[in-house]
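Shown next, in structure tokens, is the structure this report addresses.
The values are calculated or read from the model by the stated rules, or taken from the named source; none is laboratory data. These figures come from a predicted structure and were not determined experimentally. Cβ placement follows ideal geometry from the backbone for every residue including glycine, while neighbour counts extend to all protein chains displayed. Heavy atoms of the whole protein, side chains included, go into the accessibility calculation; ligands, DNA and RNA do not. Shrake-Rupley method; radii C 1.70, N 1.55, O 1.52, S 1.80 Å.
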Amino acid sequence: MVMLKPPAFWRNPAGRVLPALLAPVEKLVIRAARRRQEKPGWCAPVPVLCCGNVSVGGTGKTPVVMDLAQRLIRRGRKPHILSRGYGGRVPDGTQVDPSRHKARDVGDEPLLLAGICPVWVGGDRALGAQRAIESGADCLLMDDGFQNPGLAKTVSLLVVDGGAGIGNGHVLPAGPLREPLNDALARSTAMLVTGADVTGILSALHAYGKPVLQACFAQSAEVAALMGQPCAAFAGIGRPEKFFDTLRAAGVTLVETRVFPDHYPYTASDLARLEAEAQAHAAVLVTTPKDHVRLPPAFQPRVIGVGVDLIWQDEADPEWILDRLLEGEQHGGAVS
């Protein structure tokens, strides 16, 4: 099985030696990131909400985007989603069509998002935005793209995983951050901490004087089908241990867990091993929805995909975010 984990020193704030050795490269990355942000982005004629993060790895952005898109639809709006489409091969500005596109074409997350509203993929966010607006979008949601300056944002929600925090606080390759935390917070409207705060990130974020929201994840209704039987779980997401822990918290008995790299393209041999291990334990194969869409269609019925529901600590918080977004529509630009 392929295994890929971030360096252990990224998680150690007390570590000094390796970050110091990598400091010259870190400074170059910081300089490049700041220069990139100096470029003005295209200002769309509709409000734009970006859900992004400051660190590499999963923080739960996609479930947040799904939740906010559904809330906008309930408000009578016509949101479209912009996504990079990691690993995809279609041209920038392509609309996702689940009836003909596979994960290898457009990426796994866009396929999931397309079940809610129209999704456009590609690194050129301005092009995707233009095509979405031409197709009737009256507001836009960005799944990631916080560091992409190509499209001006009305509201930027910085999503932070409470279990990982900001690691050692250093920028790549000396740490997990894509840019200095101060730089990211300066461009954010609010921060959202997902999951339990085991790193003390909440107090650190509160010190910046901007709104800090909280939410957690709970397994969706599909988990009920797993009760009372052994399960073999596998995942190729940013933080697979979160998926396994959430299953256990829901009462699922895991007899085997397997970790793959994020966005991993499963091979026939991988699937054969997974199935053999499950059969050896008389277990049910379980994975995330994001992994499930990357499986070959013929193999998908053999695996149960179990998603998560986003639960806000304060139900007023997501509505406040959307109010701020739509205020930007009236003011014709970003809101602070």
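Summary of values
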read-out: Segment 60-88, residues that are charged (D, E, K, R) and under 20 Å from the mean Cα position of the chain (by Cα); value: Lys61, Asp67, Arg71, Arg84
read-out: Test set (1) in contact with a Gly (Cβ under 6 Å, 6 or more places away or on another chain); (2) open to solvent by 50 Å² or more (accessible area, probe 1.4 Å) - Asp291 fails condition number; value: (2)
read-out: Members of segment 54-108 that are of a type in the set (S, T, N, Q), farther than 25 Å from Thr194 by Cβ and in contact with a Phe, Trp or Tyr (Cβ under 9 Å, 6 or more places away or on another chain); value: Thr94, Gln95
read-out: Test: residue in segment 50-72 that is open to solvent by 70 Å² or more (accessible area, probe 1.4 Å) and either assigned to a loop (DSSP other than H, G, I, E, B) or among the hydroxyl-bearing types (Ser, Thr, Tyr) (or both); value: no
read-out: Where Thr267 falls short, out of the listed (1) hydroxyl-bearing (Ser, Thr, Tyr); (2) in contact (Cβ under 8 Å) with a residue 40 or more places away in the chain; (3) surrounded by fewer than 20 Cβ atoms within 10 Å (Cβ to Cβ); value: (2)
read-out: Any hit, segment 35-43, residues being open to solvent by less than 40 Å² (accessible area, probe 1.4 Å) and hydrophobic (A, V, I, L, M, F, W, C); value: no
read-out: Subset of segment 304-328 that is among the charged types (D, E, K, R), at pLDDT 95 or above and closer than 17 Å to Leu140 by Cα - its residue that is least open to solvent (accessible area, probe 1.4 Å); value: Arg324
read-out: Per-region count, segment 208-236, residues hydrophobic (A, V, I, L, M, F, W, C), surrounded by 15 or more Cβ atoms within 10 Å (Cβ to Cβ) and more than 25 Å from Leu185 (Cα to Cα); value: 7
read-out: Residues of segment 11-24 classified as of a type in the set (A, V, I, L, M) and either under 26 Å from the mean Cα position of the chain (by Cα) or open to solvent by 100 Å² or more (accessible area, probe 1.4 Å) (or both), total; value: 2
read-out: Residue in segment 2-10 that is farther than 23 Å from Asp143 by Cβ and open to solvent by 70 Å² or more (accessible area, probe 1.4 Å) present; value: yes
read-out: In segment 113-130, the residues that are open to solvent by 20 Å² or more (accessible area, probe 1.4 Å) and over 12 Å from Gly85 (Cβ atoms); value: Gly115, Ile116, Pro118, Leu127, Gln130
read-out: First in segment 170-196 and open to solvent by less than 10 Å² (accessible area, probe 1.4 Å), second anywhere and of a type in the set (Val, Ile, Thr) and in a helix (DSSP H, G or I), Cβ under 7 Å, 6 or more apart; value: Val171/Val29; Val171/Ile30; Glu179/Ile30; Ala190/Ile321; Leu192/Val64; Val193/Ile201
read-out: Matching residues in segment 153-169 - criterion: being on the phi > 0 side of the Ramachandran plot and open to solvent by 30 Å² or more (accessible area, probe 1.4 Å); value: Gly169
